[in-house]
1. Among the residues of segment 62-78, which ones are free of Cβ contacts under 8 Å to residues at least 24 places away in the same chain and under 18 Å from the mean Cα position of the chain (by Cα)?
2. So which of K40, K4, K10 ends up being more than 21 Å from I72 (Cα to Cα), in contact (Cβ under 8 Å) with a residue 12 or more places away in the chain and basic (K, R)?
3. Restricting segment 19-43 to residues that are closer than 26 Å to Q3 by Cα and in a loop (DSSP other than H, G, I, E, B), which is modelled with the lowest pLDDT?
4. What pairs come up if the first residue lies in segment 21-33 and is touching a residue at least 40 places away in the same chain (Cβ under 8 Å), the second is surrounded by 17 or more Cβ atoms within 10 Å (Cβ to Cβ) and part of a loop (DSSP other than H, G, I, E, B), and their beta carbons are under 6 Å apart, counting only those six or more places apart or on different chains?
5. Which one of these is over 25 Å from T27 (Cβ atoms), out of contact with any Cys (no Cβ under 7 Å at 6 or more places or on another chain) and loosely packed, with under 11 Cβ neighbours inside 10 Å: K96, K63?
Amino acid sequence: MHQKLDYYAKKAEVTTYNITHAELKGTKRKEVEPFQDILKKSPYKKTSSGVLKDVKEVKISEKNIKHTDQEIRVEMENMNLAHGTVEHDNLVKMLKSFYGMYKAILGR
């Protein structure tokens, strides 16, 4: 889950870049690869039943940022930023809930 938070942070960074560079002529849109694609490229190993084992940390880096041929549309970037914020906030709520249950189980 923490890797997904890093992913949302990188998406927000790239979207913010797009918004700030939208008025510059010739600037093309950047985007972060979908999280599932990054997971597929990561050193995760699956058992024959599809269960992940030997899980290693997923790194979100510059190599996961694609340069597109699309012009930057500020309205779409703002929508992407809002969507990413909602996704991030929902994941944070889930993590807080998980840690709350964890603490309750441990009696702390």
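The values are calculated or read from the model by the stated rules, or taken from the named source; none is laboratory data. This is a predicted model, so every value here is computed, not measured. Ideal geometry is used to build each Cβ from the backbone, glycine not excepted, and the neighbour counts take in all protein chains shown.
1. Result: E62, K63, M76.
2. K4
3. P43
4. A22/I72; R29/I72
5. One residue alone meets the criteria, K96.
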